[in-house]
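Notes to accompany the following structure.
Every number here is computed from the coordinates shown, using simple stated rules; none is lab data. Predicted model, so just to flag it, every value in this text is computed and none were measured.
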Amino acid sequence: MKKIFSPSIDFKNVDTLIYHLPDGPALSVNMNNFEELFDLEMEIGEICDTSDIDGVVHFFPKGNA
């Protein structure tokens, strides 16, 4: 069974969000005071949270995951 809800992301450890666009390029966003603009839990796709290691969260929208 596939998980429907991903675990919550603790944005206090996140420095950068990298949003991988379906065409191949990626959008990098510095997350200082921007965490309230993004609700990745409501998005459809895959999340790779490496914020404990390097402060980065990668988001791959559905179709690009």
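Note on ILE53 and LEU21: the extension gain reaches 9.2 nm, defined as 0.36 nm multiplied by sequence separation minus the Cα-Cα distance. The slack between PHE11 and ASN32, meaning 0.36 nm per residue of separation minus the straight C-alpha distance, is 6.6 nm. Per-residue Karplus couplings for the stretch 15-20, computed as 6.51 cos²θ - 1.76 cosθ + 1.60 with θ equal to phi - 60°, are listed in order as 9, 9, 10, 10, 9, 7 Hz, Gly and Pro entered as x.
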